[in-house]
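Heads up, the thing below is written out as structure tokens.
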Amino acid sequence: MSLKMTLQDRLPGYNSFVKPLHFVRAVSAGIKYGFPGKKLTVIGVTGTNGKTTTCFMIWKMLNEAGMPAGLMTTVAWGGVKKLKLKDELNHMTTVDSMTLNKRIERIKNAGAKYLVLEVTSHAMEQFRTLGVPIEIAVWTNLTHEHLDYHKTFENYRKAKCKLFKKAKYGVINADDRSSREFVKVSKNYITYGIKNGKLRAKDIELSVSGVKYSCGDINIETRIPGKFNVYNSLAAVAVGKKLGLDDEEIEKGIFALEDVEGRMNRIEEGQDFTVIVDYAHTPDALEKVFEAVPNVEGRIISVHGGAGRRDESTRAERGEILGRNSDFVIITEDDSRDESPEKIAKEFVKGAKAVGKVEGRDLAVNLDREEAIRAAIRLARKGDLVLILGKGHEKTILRGDEAIPFEDSKVAKKYLRERVQELEAKKRAAQEIALARAKATAEIEKRKKAKALALRKKKLKTEDTYGNIVE
């Protein structure tokens, strides 16, 4: 166990105790790099779910409109002119203040005029964005998460609201029950939603390839499926309008985003069933994934697990959600850190069993994530859907203090190729057997015909009245 985790366990109020240290680090980072955020127009995006996709939509929209924008999210950072998108390898959404300022400086020097920044509640509590002025704050939603750190939902909400207190303008999801709290602290704002809000989505069409809807005179189409992407794209529309983009620029910019790594990614290797990798790791996010895939021909097979040192109170609830919405559930490991994977899995199993799942029938535990993914793929049949949930884009898995290279999508591709190759080999073998049988049958028929012809000739051989042999 690391020193930090030991202190968190044994020292009451540890997180509050180290706040001054976070503040000093943030000031030092700003001074060292000359507060580079002040030289950019910064759009900060916060919320429980949807932050990363919303950031990507805004970033893509701005760049497509000729407004050079950099990006800093859970998945990647950079993405402006010669500074290509770089994978975010840390299991952290908003990086520490020193790394944050260093990267902002690189993004600014690469020619960015705008920065789309994903901001977490931890970041707000730990002053990581100190000295980074927020022009527009975007809020996606608020559900149960990070109570291991914040202790109460109210504290969690207050941490999110801090971003709106410092922002000049707020973009707020009016359909979320916490919206009033964000409206209260915002200096100037606009609301969006499906049921409520100034910007409202109408005539919504959902499909496996994306969503379509109208918002006033704007017709939005995304290439990423899921009702939640109506909300994510509406937030991007609001930002585009505030920054002066016209309707066509907003429409084209949002449509230009083909996908976001680890967010509803379909893995295709020629199989006759569907495999999707998604980052969903909260109860709300899991529910939304299942809502996004309503029309499945066959069974739904889900692979999911819980991270150690993260909100324990959601584990049984997530087990229930998996159990209710899946035909077969495989509970596996996530970033267990220094927690027992067996202990974490038991809590998920408890939830799944509460809604009728039975181990050995439609519920299994496999604490090797690679083997769990392999088992799900081997279990799948034509028309089924395999959902690999929880890690999404992440490039490592944390076991103890060690970060081991691991990617859900790569593992899925590996075993899909293996499965497809096996099926093709079986198909070829079946074809060869069928061909051999056809040849054998043809040979038998040929022999039968030859024999029949010989017998016929023999029977037809007779002597005429003059004693001549005739046929």
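Every read-out reported here was derived from the displayed coordinates using simple, explicitly stated rules and does not represent laboratory data. Remember, predicted model here, so these are calculated numbers, not experimental data. FYI the Cβ positions are ideal-geometry reconstructions off the backbone, even for glycines, and counts take in every protein chain you see.
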Exercise for review: Could you tell me which residue of the range 318-344 is surrounded by the fewest Cβ atoms within 10 Å (Cβ to Cβ), considering only residues that are acidic (D, E) and touching a residue at least 60 places away in the same chain (Cβ under 8 Å)?
Suggested key: D338
Point to revise | Yes/no for I388 being surrounded by 13 or more Cβ atoms within 10 Å (Cβ to Cβ) and β-branched (V, I, T) | key: yes
Review point. How many residues, within the range 200-221, are in contact with a strand residue (DSSP E or B) (Cβ under 9 Å, 6 or more places away or on another chain), without any contact (Cβ under 8 Å) to a residue 60 or more places away in the chain and in a loop (DSSP other than H, G, I, E, B)?
Key: 2
Check your understanding: If you check G197 against the conditions, is it part of a loop (DSSP other than H, G, I, E, B) and surrounded by 16 or more Cβ atoms within 10 Å (Cβ to Cβ)?
Key -> yes
